[in-house]
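Here is the structure we will look at, set down as structure tokens.
The values are calculated or read from the model by the stated rules, or taken from the named source; none is laboratory data. Predicted, not measured: the structure shown is a model, and the values here were computed from it. We place every Cβ from the backbone using ideal geometry, glycine too, and count neighbours over all the protein chains shown. These accessible areas exclude ligands, DNA and RNA; they are computed on the full protein's heavy atoms, side chains included. Shrake-Rupley method; radii C 1.70, N 1.55, O 1.52, S 1.80 Å.
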Amino acid sequence: MRRWSAALLGGLLIATGLPGAAHAATPSPSISPTVSEPTPTLSPGSASTEQADIPVGCGTLREAGFGDLAEDQVAAGEVEPDGFDCWSVRASAGLKRVRTSDGGQLDWELSDAGGVVCSEWGGTCDLAEAGTYTLWLRNDEWDTYAYQAVFLNLNTDQGCTSATGTGWDRPTGRITPTSPLQAFCLPFTAEPGERILSYVSGADLSWISDRTGARICADQEYDEVDGCALPGSGPYRLVAFSDADRELSYQVRRLSAPSGCVVVTPGTFGTGPAGAPDVNRCRLLDVPAAGRHLVRVVDARGYETSAQVYDAQGRDVCTAGGLCDFPAAGRYTLIAGSGVTETAYATVFARPTATGCVQVSDQGISGGAVRGSFTVAGETGCLELTGTAGASIGLLYPPKVTGAARPDWTLINADGTDLCATNGCVLTGRAPYRILLNAPDGAASGDYAVVVQRMDRVSGCAVLPQGSIGATVGVNTAFSAGRFATCYSIPADRHSTAEIIGYAPVTGHDGWASISVRDDTGKQVCGSARYASAQLLRCKFETGKAYTVVLTAAAADFQYRIHREDYSPAGARCETPSNSVLGGPALAGTLRTDDEVRCYRVTAAAADSHWLGVRSTGYAARYWITDASGADRCAGYVVPCRVGGSTAYQIFVWPAVDGQQVPYRVDTWRLTSAGQPVAQCPVTGVGPLAGTLSDQRTAVCASVPVKNRSSFTVALSNTGGGTETPEPYYFTTLADGGITSCSYAEGGRGCQVSLPYEQPTGMALFVLAPKTENANLPFRAETTCDGEPCVPVTLEPFRVVRAPGITGSVRVGVTVRAAVGSWDPAPASYSYQWTANGVAIKGATASSYQIPASLRGKRLGVTVTAKRADRVSTPASSGTLVVGYGAAPKTSAKPKINGTVKAGRTVKATVGAWSPQPTTFRYEWRVNGKLVAVTSSLKIKKSWAGKKLTLTVIAKRTGHYDGRAVSATYKIKK
């Protein structure tokens, strides 16, 4: 298609060229341009300028009716950015609609000689008289858009289909569009005042109309009544507009005095639905008497669909899906689904007192589960309770069962009142009381097993004994295919105000279970909807009140240990950490079972704030903290907790993983005293930091003055070649502040604090601490300031006043000790490394060292490293000393000659008792003082008769002097 050419003459854009082409346009507040006599213009002029009857250069478009479109009834072209196109249309009077295929990118207006008649913002055009009009299409976007457009006459019978009836048993109407711009006229036979529902699928838009094409039901859209009560005198039609090339399907049905519906009478429980499956979406429910009835609609797969119940006048009565309250006996209309549907639905319709119920006890935990099955979609089971008014009822399932094995349930009385929705599942109103069961969505059939239990009075429960933290007293309980629920009682006079209730498998780490604790009203006071092989609950109990623990587990052969422990401040059995100094040694522990809990109690001054945290690999250890009153103060595992205002805190540690031991560390540091940072956090600012964290030096801390805000980036590295680095924390000392870990940012970790407007100055703490139980981390921290103050600081070393030394005798077998020397300032702790000939001795890192024989003759020394949070760890070495021989072994029982000391006989040496234990022995036999043998035995010669025999034993020990001992003197007999 050719573009228009234009010449600017006297300020007017004169249009020349071919019709139906795209135009360039000057800016205009509207699409249709004004013109100046005698030349038609396409650019805007003044408000007083008259317009031409027919603008020059527009294409010609023929008005279309319903149904198929002719070639000259479809305008086509493309419009460039800031361009427009125009078409001349000879239109009849009445309602019109313009449809375009540009995806909403082009705006359109319709104008005549008097100006704009209508636009797309108004939707339809109601033309008062026939005449020639101009359709303008304008592109205000950045891209060129192709389009098709039609000018539809809605006030016509042209292209209408034959009229259809409105009975619910009529087939669905179907049309295959030949153009995405078509409109369809779908007449139906109906009388004025009848209430009509229409369903359309595959249409862009639809409405009920008469011959004018207008929306005759528009003023009823906000009424509280469904459908359209037909106004006027007709004839009536459904007007629909195609949506691309999709098949259009539709149903027009009469809601008032409906015809063609399936009649359904109330059914019984325990069998299939009262209304058999049928594709007809209308049911006439024969209600025998006023009151509540169960009404549900399900498909063959067990999915429940939406459905509405109406009275004879088409007014809403209720929504299906439960108990429907019918105001009087009579026939009511149920309509299923929304949109065009041809799915077969079954109708559940029953009175609350219908037959088919099975009587059950309300003590199912001790009496056993109720078992049943759903055989068809929509079947409703019924359990009639033997319980009395006031009972609180619950249903228990095996954990993790799904589908029909976990039925939905409704608790009702004889009047059909939903007692769980209105009264917390407490039995009220007239008996009998019933539980209605149905398979959940998508589960048409299957077996189920449920325990019906009165929760406010559970009988047959054994007493659950109370243990203490670290001394668990558990009870083993077994489950099986026929038993998946059990209970234990906690008597009113045998519990504390705060207890841990838990369970874990006796063997293995499989299985699924869930636990809850209820009071004597049936209310759950603690519990978890989570299924797990092991769980711990924290329960707060009232004095003088009894409680019941309910444990449900998979219906399989499996044993659990269930237990409870006191965790109140007065009763909790807690260890006391020995360190409260920031950066000091952590308390080490290991959780060895899936349900173990450990407790640590920290005493404090109320004016102090503390850092309390638990470190473990992979956050396998979790914790919660209570204060001296027992109130919960914190729970976590990622970031330590900061607490204050109490004189004591209890830290409870528990495992978050199954089937493995969990090592952990507990840090209990004092952060501030009376609002001021502790001495381990000197006011130095933040700068390059280097050092080594260890089990003895677990943190580095610096105080940073802050005005309004402070921000910096820290880049951490492990100088030992490892990948793990300390975790950086940055937080204010404000009383209500917590501990904040520096966030991940470009170039490292971003650390930032901000002070409140009313307190513009203050102090922040920068802490480097290990994140896991591994505290041995050589590190370097480089900082880049983002906002002042952020003062670069390098920690100073200690000054050695007196060098370390060695106390004790430096010889083999002796335990010597390191004298730490004297330092300025005073260190908080020390580490040690013993050396031999200047080389570190592996494993010799204690303050004392027992010298082994292998060091005899070598030079022994010790290196002492002084440590404190605000100083660089500083080593200093002692002088070295040569390791001498150890003391000779000494005897506590002299050697003896064993045997008859007589000529011709053989005697043996008995070495006696020595300390320390010799390595080997030597022997010297003497006759009248003369050495005659060095063996452990001696054959006495006849020539020695009458002479004196002695035995000398020499005890030899590696690295020690030799020890000697002589036996008694024996006279040799003949």
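Can you find, among Val451, Ala439, Thr410, the residue sitting farthest towards the positive end of the charge dipole of segment 358-454, where Lys and Arg contribute +1 and Asp and Glu -1 at Cβ?
It is Val451, whose Cα lies furthest towards the positive end.
Kirkwood-based Rg over Rh for segment 358-454 (C-alpha set), two decimals?
0.95
Positive end of the charge dipole of the chain (Lys, Arg +1 and Asp, Glu -1 on Cβ, about the Cα centre): tell me which of Ala819, Ala128, Val864 has its Cα farthest that way.
Ala819
Once Rh for segment 799-883 is found with the Kirkwood sum over Cα pairs, what is the Stokes-Einstein diffusion coefficient at 20 °C and 1.002 mPa s, in µm²/s?
165
I'd like the per residue volume of the convex hull spanned by the Cα atoms of segment 587-672, given in cubic angstrom.
75
Taking N as the number of residues in segment 59-153, what value does Rg over Cα atoms divided by 2.2 N^0.38 Å take?
Dividing the Cα radius of gyration by 2.2 N^0.38 Å gives 1.01.
Viscosity 0.692 mPa s, temperature 37 °C: give me the Stokes-Einstein translational D for segment 462-566 in µm²/s, with Rh taken as the Kirkwood radius over C-alpha pairs.
D, rounded to a whole number, is 239 µm²/s.
Relative contact order, percent, of segment 462-566 when contacts are C-alpha pairs under 8 Å separated by at least 6 residues?
Relative CO of segment 462-566 lands at 47 percent.
I'm checking a number: the convex hull volume of the Cα atoms of the chain, normalised per residue, in Å³. What is it?
Each residue corresponds to 327 Å³ of Cα convex hull volume.
Given R₀ = 60 Å, what would the calculated FRET efficiency be for Asp219 paired with Glu724, taking r from the Cβ atoms and rounding to 0.05?
0.25
Points 7 angstrom from Cα along the Cβ direction at Tyr885 and Ala130: gap in nanometres?
Computed distance between label sites Tyr885 and Ala130 equals 14.1 nm.
Rounded to the nearest percent, how much of the accessible area of the chain (1.4 Å probe, protein heavy atoms only) is carbon and sulfur?
Ligands and nucleic acids excluded, carbon and sulfur give 49 percent.
Output the Cα-based Rg and Dmax of segment 111-201 in Å, rounding Rg to one decimal and Dmax to a whole number.
Cα only, segment 111-201: 18.2, 52 Å (Rg, Dmax).
Considering only Phe241, Ile469, Gly302, whose Cα is most displaced toward the positive end of the charge dipole of the chain, charges sitting on Cβ of Lys, Arg (+1) and Asp, Glu (-1)?
Ile469
Under 25 °C and 0.890 mPa s, how fast does segment 193-294 diffuse according to Stokes-Einstein, given a Kirkwood radius computed over C-alpha pairs? Answer in µm²/s, whole number.
Estimated diffusion coefficient is 150 µm²/s.
Assuming R0 = 45 Å, what is the FRET efficiency of Val463 and Asp143, from their Cβ-Cβ distance, to the nearest 0.05?
After rounding to 0.05, the efficiency reads 0.05.
First measure r as the distance between the Cβ atoms of Thr906 and Asn928, then evaluate 1/(1 + (r/R0)^6) with R0 = 25 Å and state the FRET efficiency to the nearest 0.05.
0.80
Where the only charges are on Cβ atoms (+1 Lys, Arg; -1 Asp, Glu), what is the dipole of segment 799-883 about its Cα centre, to the nearest 20 debye?
160
Given a 1.4 angstrom probe, what's the average accessible area per residue across the chain, in square angstrom?
Normalised by residue count, the accessible surface of the chain is 44 Å².
Compute the normalised compactness of segment 262-350: alpha-carbon radius of gyration over 2.2 N^0.38 Å, N being the residue count.
0.97
Helix-derived [θ] at 222 nm for the chain: sum -39500 (n - 2.57) over DSSP H runs of at least 4, divide by residue count, nearest 500?
Value at 222 nm, helices only: 0 deg cm²/dmol.
Residues of segment 650-692 with amide nitrogen under 16 Å from the 7 Å Cα-to-Cβ point of Ala605?
Within reach of a label on Ala605: 669-681.
Please give, to one decimal in nm, the separation of the simple spin-label points placed at Gln759 and Ser673, each 7 Å out from Cα toward the Cβ.
Modelled inter-label distance: 2.0 nm.
Projected area of segment 681-787, taken from the Cα convex hull and averaged over every viewing direction, in nm²?
Result: a mean projected hull area of 6.8 nm².
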